[in-house]
Amino acid sequence: MSLFRTKPIDVNANTGLKRCLGAFDLTMLGIGCIIGTGIFVLTGVVAAQHSGPAIVLSFILSGIACAFAALCYAELAGAIGGAGSAYGYAYSGIGELIAWIIGWDLILEYAVATSTVAIGWSGYFGKILELIGVHLPHALTNAPLDGGIANVPAMVIVLLLSLLLSIGVSESARFNTVMVFVKLAAVLVFIGVAAPHVNPANWHPFIPAQVTDAAGHSHFGLGGILTGASLIFFAYIGFDAVSTAAEETVNPQRNLPIGIIASLVICTLLYIVVSGILTGVVHYDHIDIKAPIADALKQLGIGWAEALISIGALSGITTVMLVLYFGLTRVVLAMSRDGLLPTPMAKVNPKTQTPVRLILGSGVAIAAGNSRPIADRQGGAVGQPGHALCLFPGLRQRHRAAQDSTGTQAPVPHTVGSVGTAPRHGLLRIPHGRITGDHLGSVFHLVRGGARDLLSLLVRPQRTRRTGLSGRWHSNVRMTTNIRTATPADVPQILRFIRALGEYEHLAH
């Protein structure tokens, strides 16, 4: 038995799930999970309490950081696939023990986040009902720890989404797309209505002076920008959930990278534009941190737009919850298939081609465990394990060659490599100027390829037959070679590294 055994890679394995999602569907899933409370609430919190108008810089910094994680997810999702996301990547590149830890981190992330968002949905739903004169009893909108009986709206929405996910992934994707268009319409309405009312004077000072409150906490200044960027990072959580749809994606090696990167780029641009307009319409020290977008329109006296923003916010929170719930079920499904969770949970309904038993069971568990204090304590940390640990298997994986049933090696497509080398083929060429897309592409390819093949000298894939916790046969990667003890068998890897260095000569010429 080996706790560090790995499993073989099979991107196009038939697991019983229905392959029906394209690049557009995956992009909508990513946008559906990213744009939610981050744009409707978090923008106000960061601008008013940390960054001021420089929240734009916070979004840019956070977006750059997320871009690296997104590239890792895109490359690993296209090369390895599987419904387990970072769990599956770790299982293929590092071993079973680390994969088991990462899998439970992801379950914690998605389960707690789904519960937290459901509670937020309940509060927003109650406020919308109050606008039309309907008031829900306190006992039915709060958990027992909050002095109520049960948070009925939160429980109901979770159960309704569980039924939707059970019906089929294509139906869920269509519902998500409709809701995404509703909230994008709300965001675009805010941009179109509020932009003419921007007062450049509200952007001065762009970076407010650093101040320290009575508790000794400082904000604004450069430190405030960095603090805001760290908080905003959690607004981007969602593109990783796209990778859990790998087994239900048509041509995953092409569509998964497109969906992950496209959703991140679109949402980053929207975040920057909305935060810039918000701080231009309302001075940062007068922003309502609870409902900044709706309050800004209220101050402008545009009531109809305020109502539309409220509807868009509700739909946005709904899609966030749907995609998080979807990701949770797929990670549990992957772990169950590998024997790290009870195998009956991996049963797929042949009619709907979804894990109905798992989806409904998860829905009941989340609905029954909806507790505001628990969700509030964990909400700030969800998502961090998945993103951070995804980078680790990404380094260890180094595009390890996929092994078929005979033990032979087949090259894994370099999805991010194609992104990096696209300029070298004229796709992103800059027609004028001394620095061209060829140069940028070659530098990117040099750094990526050279680092990858240098790391490859540290390990050598070796086919072994080991029985692990789930009683299955897998390939195993052992530390057998390092640079100082390289053998003739490592010559091909060394030559690949030399060829990567040859890219530098191409750049020089």
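The values are calculated or read from the model by the stated rules, or taken from the named source; none is laboratory data. Nothing here was measured: the structure is a model prediction, and the numbers come from that model. A quick note on method: Cβ atoms are made from the backbone with ideal geometry, for glycine too, and the neighbour counts reach across all protein chains shown. Side chains included, ligands, DNA and RNA excluded: accessible areas come from the protein's heavy atoms. Shrake-Rupley method; radii C 1.70, N 1.55, O 1.52, S 1.80 Å.
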First in the stretch 130-148 and in contact (Cβ under 8 Å) with a residue 40 or more places away in the chain and surrounded by fewer than 10 Cβ atoms within 10 Å (Cβ to Cβ), second anywhere and in a loop (DSSP other than H, G, I, E, B) and among the β-branched types (V, I, T), Cβ under 6 Å, 6 or more apart: none
Number of the exception - T244 against (1) over 20 Å from the mean Cα position of the chain (by Cα); (2) closer than 28 Å to A365 by Cα: (1)
Residues located in the stretch 1-58, provided they are closer than 18 Å to T244 by Cβ, β-branched (V, I, T) and open to solvent by 30 Å² or more (accessible area, probe 1.4 Å): T15
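Kindly indicate which of V273, V265 is in a helix (DSSP H, G or I) and without any contact (Cβ under 8 Å) to a residue 24 or more places away in the chain. Talk me through it step by step, then tell me what you get.
On the way: V273 fails: without any contact (Cβ under 8 Å) to a residue 24 or more places away in the chain.
Sole residue among the options that is in a helix (DSSP H, G or I) and without any contact (Cβ under 8 Å) to a residue 24 or more places away in the chain: V265.
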Condition met for G238 (on the phi > 0 side of the Ramachandran plot and either of a type in the set (V, I, T) or crowded, with 21+ Cβ neighbours inside 10 Å (or both)): yes
Residue tally, condition in a helix (DSSP H, G or I) and touching a Cys at 6+ places or on another chain (Cβ under 9 Å), over the stretch 46-85: 5
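Residue-wise test of (1) closer than 26 Å to I293 by Cβ; (2) open to solvent by less than 60 Å² (accessible area, probe 1.4 Å); (3) of a type in the set (A, V, I, L, M); (4) at pLDDT below 90.
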position: I191; (1), (2), (3), (4): yes, yes, yes, no
position: P200; (1), (2), (3), (4): yes, no, no, no
position: T212; (1), (2), (3), (4): no, no, no, yes
position: T244; (1), (2), (3), (4): no, yes, no, no
position: V250; (1), (2), (3), (4): no, no, yes, no
Test: residue in the stretch 85-94 that is within 29 Å of A365 (Cβ to Cβ), over 17 Å from the mean Cα position of the chain (by Cα), aromatic (F, W, Y) and open to solvent by less than 10 Å² (accessible area, probe 1.4 Å): yes
Residue tally, condition open to solvent by 10 Å² or more (accessible area, probe 1.4 Å) and touching a Leu at 6+ places or on another chain (Cβ under 8 Å), over the stretch 70-84: 1
Among (1) crowded, with 19+ Cβ neighbours inside 10 Å; (2) hydrophobic (A, V, I, L, M, F, W, C); (3) within 17 Å of A195 (Cβ to Cβ), the one test that I272 misses: (1)
Residue list for the stretch 312-356, filter: assigned to a loop (DSSP other than H, G, I, E, B) and open to solvent by 10 Å² or more (accessible area, probe 1.4 Å): D338, G339, L340, L341, P342, K347, V348, N349, P350, K351, T352, Q353
